[in-house]
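Asker: Let me begin by handing over the structure; questions about it come next.
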Amino acid sequence: MEPQTCDIALVGGGLAGGLAALALARSRPDLVVRVIEGGEAAGGNHRWSWFASDLSPAGTALMDAFPQARWEEGYDVAFPARTRHLPTPYRSLASPDFAAALRAALPRGTLLTGRQAAALDGASVTLADGTRIAARTVIDARGFAPTPHLAGGWQVFMGRTLRCEHPHGLTRPTIMDARVEQLGGYRFVYVLPLGEHELFVEDTYYQDAPLLDQAALAARLDAYAAERSWAGEIVAEETGVLPVVTAGDFAAWQAQHRIKGVAVIGARGGFVHPLTSYTLPFAVETALAIAAQADLAGERLAPLLEERARRHWQATRFYRLLGTMLFGAAEPQHRWRVFARFYGLPVPLIERFYAGRSTLADQARILCGRPPVPIGRAVRALAASQPPLKAAA
């Protein structure tokens, strides 16, 4: 048997893999860890945002390793029939800052970027160039892949970082501006003031198909900025297509990705908020859990993380039910009403919702009262089969 190259090999240097590597470096610096990332830098081309209330104290301490935009005064939402300021502190992290902080925090040689993994097994990772990295524990942290085993809709977006010619005058985020034209699904614009002259502006859609018309979204972002006299230079741009999971056979989903002795984390492992597509709070807690079990071989760690994912699936059933009603019962041009009603609820309930910790009382409060979708359509949606989360043809 050839000697091990490392103790733990993490395949995928995105959010889940990067956070796991950081948590291991902090709590177990004696271990040799390798992060194998196909891109030129960890983190890809993304911006992650979260509420301060999403994280435990240990999770907050882990994220404090990264430079992040912070708005202690909270954020705003805006709908045709309601605007509201909410006081929950808000955070945001850009992938270049994530990559730079990881590079600085991890021991030299931990990050292997520009290296594609061709095959995984319980004891090694084989790269596209034939190199074999032997490891005591292999963890698959690659991203979500379309699947016939899960059903639902999609969250599609384009975001831009804009450097304005003049001060934009904003002091806090607007995480949902749904006063824009509703086009084939729930649409909102997301705005983060990153500096006196800098903004991040994203056009987002909850829609039935994973279709992203980049030219159309770019034109709509241009129009949104022009209406507000935000003239300037586009310094970065990103797009994304994320699953909104409403149903599925989770056991079959796990079997689809299972490789004997290989642990699976991140969106690929099912650690995602079904309705918001958020992964950060769950990636943080999974990273801390891996660090706490860092001595386990893959054959023992893999079933532990599978069971953790099953518990997460069970705990998030309520959000899948809401997603079913959103996509199946609300007409696309009126889906905004669901969110407008939600944002009239108490702040602690909204915080627990985003963190995936809604209580039974929260669930009852969300469902009670006059529903934002017709009762008959809601009942039919719950009984109907739902489209699988497959890639667009």
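The values are calculated or read from the model by the stated rules, or taken from the named source; none is laboratory data. All figures in this text were calculated on a predicted structure; none of them were measured in a lab. Every residue, glycine among them, receives a Cβ derived from its backbone with ideal geometry; neighbour counts consider all protein chains shown.
Asker: Taking segment 192-207 on its own, how many of its residues are out of contact with any Lys or Arg (no Cβ under 9 Å at 6 or more places or on another chain) and surrounded by 15 or more Cβ atoms within 10 Å (Cβ to Cβ)?
Answerer: Number satisfying all stated conditions: 1.
Asker: Looking at segment 59-75, which of its residues are surrounded by fewer than 19 Cβ atoms within 10 Å (Cβ to Cβ) and more than 17 Å from Gly356 (Cα to Cα)?
Answerer: Those that are surrounded by fewer than 19 Cβ atoms within 10 Å (Cβ to Cβ) and more than 17 Å from Gly356 (Cα to Cα): Ala61, Asp64, Ala65, Pro67, Gln68, Arg70, Trp71, Glu72, Glu73, Gly74.
Asker: If the requirement is being farther than 28 Å from Ile8 by Cβ, among the charged types (D, E, K, R) and in contact (Cβ under 8 Å) with a residue 60 or more places away in the chain, which of these qualifies: Asp203, Asp213, Asp249?
Answerer: On inspection, the qualifying residue turns out to be Asp249.
Asker: Next question, about the same structure. Which residues, counting only those in segment 125-143, are surrounded by fewer than 19 Cβ atoms within 10 Å (Cβ to Cβ) and either farther than 18 Å from Ala294 by Cβ or modelled with pLDDT under 95 (or both)?
Answerer: Passing the criteria: Thr126, Leu127, Ala128, Asp129, Gly130, Thr131, Arg132, Gly143.
So that you can scan it fast, the table gives a plain yes or no per residue for (1) aromatic (Phe, Trp, Tyr); (2) in a loop (DSSP other than H, G, I, E, B); (3) not assigned by TED's automatic domain parsing to the domain that holds Leu22:
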| site | (1), (2), (3) |
| --- | --- |
| Leu275 | no, yes, no |
| Phe282 | yes, no, no |
| Thr286 | no, no, no |
| Ala289 | no, no, no |
| Leu301 | no, no, no |
| Arg308 | no, no, no |
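Asker: If I ask for residues that are touching an Asp or Glu at 6+ places or on another chain (Cβ under 8 Å) and within 11 Å of Arg47 (Cα to Cα), which ones from segment 65-99 would you list?
Answerer: Selection gives Gln68 alone.
Asker: While we're looking at this one, here's another question. So, in segment 333-350, exactly how many residues are surrounded by fewer than 18 Cβ atoms within 10 Å (Cβ to Cβ) and part of a helix (DSSP H, G or I)?
Answerer: 6
Asker: Would you confirm whether any residue within segment 150-158 is closer than 30 Å to Asp76 by Cβ, in contact with a Pro (Cβ under 6 Å, 6 or more places away or on another chain), of a type in the set (A, V, I, L, M, F, W, C) and at pLDDT below 95?
Answerer: Scanning segment 150-158 turns up at least one residue that is closer than 30 Å to Asp76 by Cβ, in contact with a Pro (Cβ under 6 Å, 6 or more places away or on another chain), of a type in the set (A, V, I, L, M, F, W, C) and at pLDDT below 95.
Asker: Okay, moving on. Go through segment 109-124 and give me each residue that's closer than 20 Å to Arg26 by Cα and either at pLDDT 95 or above or in contact with an Asp or Glu (Cβ under 9 Å, 6 or more places away or on another chain) (or both).
Answerer: Across segment 109-124, the qualifying residues are Thr110, Leu111, Leu112.
Asker: Consider Leu102 carefully, then state whether it is outside any loop (DSSP other than H, G, I, E, B), within 30 Å of Ala216 (Cβ to Cβ) and touching a helix residue (DSSP H, G or I) at 6+ places or on another chain (Cβ under 9 Å).
Answerer: Taking the combined requirement at face value, the residue does not satisfy it.
Asker: Starting from residues that are exposed (fewer than 15 other Cβ atoms within 10 Å of the Cβ) and aliphatic (A, V, I, L, M), keep the ones in segment 230-270 and report whichever is nearest to His166 (Cα to Cα).
Answerer: Across segment 230-270, the extreme among qualifying residues is Ala231.
Asker: Something else about it: Is it the case, given these coordinates, that Ile234 is among the β-branched types (Val, Ile, Thr) and in the same structural domain as Arg136 (by TED's automatic domain parsing)? Steps first, please.
Answerer: Working: among the β-branched types (Val, Ile, Thr): yes; in the same structural domain as Arg136 (by TED's automatic domain parsing): no.
No: the conditions fail for Ile234.
Asker: Let me ask something else. Looking at Asp76, Asp97, which one is more than 22 Å from Ile290 (Cβ to Cβ), in contact with a strand residue (DSSP E or B) (Cβ under 7 Å, 6 or more places away or on another chain) and of a type in the set (Asp, Glu)?
Answerer: Asp76
Asker: Would you please list the contacts, defined by Cβ atoms under 7 Å and residues six or more apart or on different chains, that run from a residue in segment 99-118 that is free of Cβ contacts under 8 Å to residues at least 24 places away in the same chain to a residue that is of a type in the set (Ser, Thr, Tyr)?
Answerer: Filtered contacts from segment 99-118: Ala118/Thr126.
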